[in-house]
1. Given all pairs of different Cα atoms, what value in angstroms does the Kirkwood hydrodynamic radius of the chain take?
2. So which lysines can LYS56 reach, going by Cα to Cα under 25 Å and dropping same-chain residues fewer than 8 places off?
3. With the dipole of the range 133-301 worked out from charges on the C-beta (+1 for Lys and Arg, -1 for Asp and Glu) around the Cα centre, which of GLY196, PRO301, PRO184 lies farthest toward the positive end?
4. Out of every Cα-Cα pair in the range 173-221, what percent are more than 14 Å apart?
5. Counting DSSP beta bridges with both partners in the chain, what percentage is antiparallel, nearest 5?
6. For LYS269 paired with GLU51, estimate the spin-label separation in nm (one decimal), with each label point 7 Å from Cα along the Cα-to-Cβ line.
7. Springs between alpha-carbon pairs under 10 angstrom, Gaussian network model over the chain: which of ALA294, ALA167, ALA244 fluctuates most?
8. Would you mind ranking SER99, SER37, SER246 by Cβ crowding within 10 Å, fewest neighbours first?
Amino acid sequence: MTTNKDIYILAIESSCDETAAAVVKNGRTVLSNIISSQIDLHTLYGGVVPEIASRKHIEKINQVIEEAMKEAEVTMDDIDAIAVTYGPGLVGALLVGVSAAKALAFATGKPLVGVHHIEGHISANYIENLELEPPFMSLVVSGGHSHLVVVKDYGEYEIIGRTRDDAAGEAFDKVARAIGLGYPGGPKIDRVSKEGNPEAIKFPRAKVGENIYDFSFSGLKSAVLNYLNGAQMKGEEVNVPDVAASFQKAVTDVLVEHAIHGAKEYNFKKLAIAGGVASNSSLRAAMQAACDKAGIAFYHPSPIYCTDNAAMIGVAGYYEYIKGARHGWDLNAVPNLKLGER
């Protein structure tokens, strides 16, 4: 599909605990990006409670859509298509966004475009890096996913590495809870680690035999728990910043090593990171240094586009839309949707 007309996408994201809506113009220009976060609510429980998340989405979904339209200074007449995350994620949370998008599309006669959440995260890199185009290597690291992905083209992906157990963000949350930092773990460990020595404790770096690009973080998490239990049994005081910094370095080392190795093997001179953990300052610094050394251009979204947001869904939705992707009223939430599935 080729057109000289500006394309405006209204995007909706509700896969976990952020209710978000955005308006994106021509796949690269974000006119609005409204996010209603539930972090304070779920912090009370030490993690996301799906039932509470779903109820909160219902309360907020219409508000964020209205605010996104108002901030972008557009009306539904200006919108060319409605994009929405339909998986993966929490089924109840996804259903709220999908239902809202379907209702809007039905009422206005606008095309409906379902978007894969991980495709959205990868596409966040296009917002501020206007020169970035496929093909390139992308590392996606979040609370639910650790993927090494070959981005062949817009909407075309090949996963060459994935986690065998805990995702990187999940490991951050569990370790943060164990050392008394609470939820959400990623930002808190990142902050505390700045006061610690990353070489203080030697935690393991797991390798998966069958696939050099796969990740495993459960052994590392267990090693941290064993270290804490051992210190408690001996009556030794635990240096929390040292534990946090050493754990963070163990995760970062593995992520950087896999991503750089993959980029070299596939002859890519471009590497992008995406997902919530992509906002981690230690990971960004280590990846930048490794890319500089390897002669690889390094791309990353601003932190606001690393966490769950609708702007990234609008970008991915734009590229799906111009390729002709359309969904019907039978579009449903798919909590375990695989990247590349339609």
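1. 20.5
2. List returned: LYS70, LYS102, LYS174, LYS188.
3. The residue sitting farthest along the positive end of the dipole is GLY196.
4. Here the long-distance tail beyond 14 Å is 63 percent of all Cα pairs in the range 173-221.
5. On the way: 27 of 44 bridges.
Percentage antiparallel, nearest 5: 60.
6. Distance between the two pseudo-spin positions: 5.6 nm.
7. Comparing ALA294, ALA167, ALA244 in the GNM, the peak value goes to ALA294.
8. SER37, SER99, SER246
Only the coordinates and a few stated rules stand behind these numbers; no lab work does. Treat the numbers as computed from the prediction; the structure is a model and nothing was measured. Here Cβ is always computed from backbone atoms with ideal geometry, including for glycine, and neighbour counts include all displayed protein chains.
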